[in-house]
Amino acid sequence: MMVEDPEIDVLFTDKKVLVLMDFRDRDLKTTDLLIRADSSYLYVYDPHSNSVVKVIQFPKRVDFSSLQVTEKNGIISVTLLKYT
């Protein structure tokens, strides 16, 4: 199954990074996606198709242990703290 690339916005504040991914109208069950991060990248993985859906590189280092993910109506929001 081929999934079309989601629309993505990456927003920065002094202390946080917010990533918004729009999966509406995609043939994908967003509640089953696995979201992982390390200090430089965010990974979105679909376990049903056994494939990586998206990899996002951050221009600033982030604290991957602060990862928070929410999903509503096909839009996934990911929040991470920036290293200071």
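Every read-out reported here was derived from the displayed coordinates using simple, explicitly stated rules and does not represent laboratory data. All figures in this text were calculated on a predicted structure; none of them were measured in a lab. In this analysis, Cβ positions are derived from the backbone assuming ideal geometry, glycine residues included, and neighbour counts consider all displayed protein chains.
Database remark: amide H of LYS82 closer than 5 angstrom to the amide H of LYS16, VAL17, ASP63 (H placed geometrically; neighbours at sequence offset of 5 or more, or on other chains; Pro and chain starts carry no H). Take every Cα pair under 8 Å whose residues are at least 6 apart in sequence, average their separation, divide by the length of the stretch 7-82, and the relative contact order is 33 percent.
Which order do the peptides 65-77, 34-46 come out in when sorted by mean C-beta neighbours inside 10 angstrom, highest first? Before the final figure, lay out the partial values.
Values: 65-77: 13.5, 34-46: 16.2.
Per-residue Cβ counts within 10 Å, averaged per peptide and sorted highest first, yield 34-46, 65-77.
Backbone amide hydrogens, once placed in the peptide plane, bring ILE75 within less than 5 Å of PHE23, excluding anything fewer than 5 places away on its chain. Taking a ≥ b ≥ c as the square roots of the eigenvalues of the Cα gyration tensor, an a/c ratio of 1.5 or more together with a/b no larger than b/c marks the stretch 17-57 as oblate. Read through the labelled values [x] 50; [y] 32; [z] 28 and report the label of the one computed as percent of Cα pairs over 19 Å apart from the structure. Evaluating percent of Cα pairs over 19 Å apart on these atoms matches [y].
The Cβ shell under 11 Å around VAL62 holds other residues with a net charge of +3, Lys and Arg each +1, Asp and Glu each -1.
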